Structures are given as structure tokens and as C-alpha cells.
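Notes follow the structure.
The values are calculated or read from the model by the stated rules, or taken from the named source; none is laboratory data. Model, not experiment: these values are computed from the prediction. Please note: Cβ atoms are built from the backbone with ideal geometry, for glycine as well, and neighbour counts cover all protein chains shown. Side chains are part of the model used for accessible areas, which takes the heavy atoms of the whole protein and leaves out ligands, DNA and RNA. Shrake-Rupley method; radii C 1.70, N 1.55, O 1.52, S 1.80 Å.
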Amino acid sequence: TQLLEQSPQFLSIQEGENLTVYCNSSSVFSSLQWYRQEPGEGPVLLVTVVTGGEVKKLKRLTFQFGDARKDSSLHITAAQPGDTGLYLCAGAPLTSSNTGKLIFGQGTTLQVKP
Amino acid sequence: SAVISQKPSRDICQRGTSLTIQCQVDSQVTMMFWYRQQPGQSLTLIATANQGSEATYESGFVIDKFPISRPNLTFSTLTVSNMSPEDSSIYLCSAERDRGLGYTFGSGTRLTVV
């Protein structure tokens, strides 16, 4: 069974602090995606990384794909209350890339207090 | 990228009854996916819905309980049959945006079985 271990599962921080969320696996992924979900809504895609070692930035969010394409991180600088939500990483396994299936991490619930 | 309209957004159902959830995509997509999610937790794939063929179910999910239709490239339905309180969950549909670039999700159906 392919797993994507996401940590931490819960994070409660003050506005202005930095944080990092990690996703790790023993499997290789053809791509890895990060989603953010708010209550009552479906997950919304933040970024897709496809190249080992790739770094993408989205305003205060920095996403990194590991060199071996087995892990990824999401770093948020100077978190704001609007960043509050459920963050999900999801990988497309290399061995089943033609099925379109994704493996999801357990999710990280982030609360940013004003 | 595709936009998905999902309905109903929520429902409260009596045990033993069935509920059909609909997802309409604003563009043609090859594969659609149905997920189940407990609030604040990760997503579990139920099945992949392919147009012109039977859906492919993941381990633990069967067609008799979760029949799926995919009559064309823009529409799919998931039925939750003979419901019990254990079926109370959020059900989400999704479709691939562009190959390898991430997925779009419906806003979810929050089902409560009483």
C-alpha cells in the first residue's frame, strides 16, 4: 500500500509566525499537489510540482519537491488568519500514473490566530 | 480548468433510503473520481468513473452500495444505497484539470443519515 505521511496533523499559531508542513513517502511520484480546503468547500489546488528539486512560490507560500520525488514541503511565511484551513498533499504514484488516481496525505489543520 | 457543480450540497436522510449525488463539469473530462471525507480529515477514493465503461472501485467499496453512472464526458452520479448512520460523511467528486496539472473538486455533499 502506498502511503503519503503528512505532518503535523494540527497546527495552531499566532499571526506572523512561520510554519512548515511535510509530506513523506517511500514511493516515487510523477507529480505532487498541494490543496487547501475550507469548511463546506471542496479542496482547491494551490500548486503542482513535477520535477525533483523543484521549488515554487505562491506569494507567502513556498513549495518544494524532493530530489527523489518522494517528499514535499509547504512553507508559509508570516501566516495570516486567512491562511486558516485544511492543507492536503496528494501524489500521483509513478507506477499508476495512467489511472489518474491520487494518494492523499492525512491533512494538516492550520489555525492562525489574530 | 474545469469547474464542477455538485448537488445537493447537504442532505439528511433516513436509514435504509438511497441518495443520488450529481456532478456536472463545464468541459469534457476523461476521468471523474468520487471521494469520501470525514470533516477535517483526508480524502478516501471510492471509485473512478469512466465514460462508456463500468466504474472502477477501490478496496472496501462495492457497486451494489455505491452505484455510479457516467453517461457522458461532463456528468456523473454517485448513489449511496441502503444508507446507515455509518455512511454519514462528505462526498466529493473531482476531475483532472489538465493532464498531470492537478484536479478540480466539487464543493461536496454533506450527508447525514439518521
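Here are the numbers for this structure:
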read-out: Those Cys residues of chain B for which no other cysteine Cβ falls under 4.7 Å; value: B:CYS13
read-out: Vicinal HN-Hα couplings computed from phi for segment A:19-31 (Karplus, 6.51 cos²θ - 1.76 cosθ + 1.60; Hz; Gly/Pro x); value: 8, 9, 10, 10, 10, 10, 8, 8, 9, 8, 10, 6, 7
read-out: Partner aspartates and glutamates for A:LYS59 [C-alpha distance under 20 Å; skip if fewer than 8 residues away on the same chain]; value: A:GLU15, A:GLU17, A:GLU38, A:ASP83
read-out: Using a Förster distance of 35 Å, the FRET efficiency for B:SER27-A:ALA78 (Cβ separation, nearest 0.05); value: 0.40
read-out: Cα-based radius of gyration of chain B once divided by 2.2 N^0.38 Å, which approximates compact folds; value: 1.00
read-out: Compactness index (Cα Rg / 2.2 N^0.38 Å), chain A; value: 1.02
read-out: Interface burial for B against A (accessible surface, 1.4 Å probe, total of both chains, Å², rounded to 100); value: 1600 Å²
read-out: Efficiency of FRET between A:LYS113 and A:GLU5 - r from beta-carbon atoms, R0 30 angstrom, step 0.05; value: 0.65
read-out: Candidate residues A:ASP83, B:ASP26, A:ASP67: accessible-area rank, largest first, probe 1.4 Å; value: A:ASP67, B:ASP26, A:ASP83
read-out: Whole-angstrom gap from segment A:57-114 to segment B:37-114, using each part's C-alpha centre; value: 22 Å
read-out: Accessible-area composition of segment B:4-98, carbon plus sulfur, in percent [1.4 Å probe]; value: 45 percent
read-out: Net length gained if the chain between B:LYS7 and B:ASP98 were fully extended (0.36 nm per residue, minus Cα distance); value: 30.4 nm
read-out: Binned Cα-Cα distance frequencies in segment A:29-83 - 5 Å width, integer %; value: 5, 19, 27, 23, 15, 9, 2, 0
read-out: R0 of 30 Å, Cβ-Cβ distance B:THR56-A:ASN24: FRET efficiency to nearest 0.05; value: 0.60
read-out: Solvent-accessible area of B:THR30 with every protein chain in place, 1.4 Å probe, in Å² to the nearest 10; value: 110 Å²
read-out: Proximal lysines to A:LYS57, defined as alpha-carbon separation beneath 21 angstrom and excluding residues fewer than eight positions away on the same chain; value: A:LYS70
read-out: Fully extended contour minus Cα-Cα distance, from B:SER107 to B:ASP64, at 0.36 nm per residue; value: 13.0 nm
read-out: Accessible surface, 1.4 Å probe, highest first, among residues B:VAL114, B:VAL29; value: B:VAL114, B:VAL29
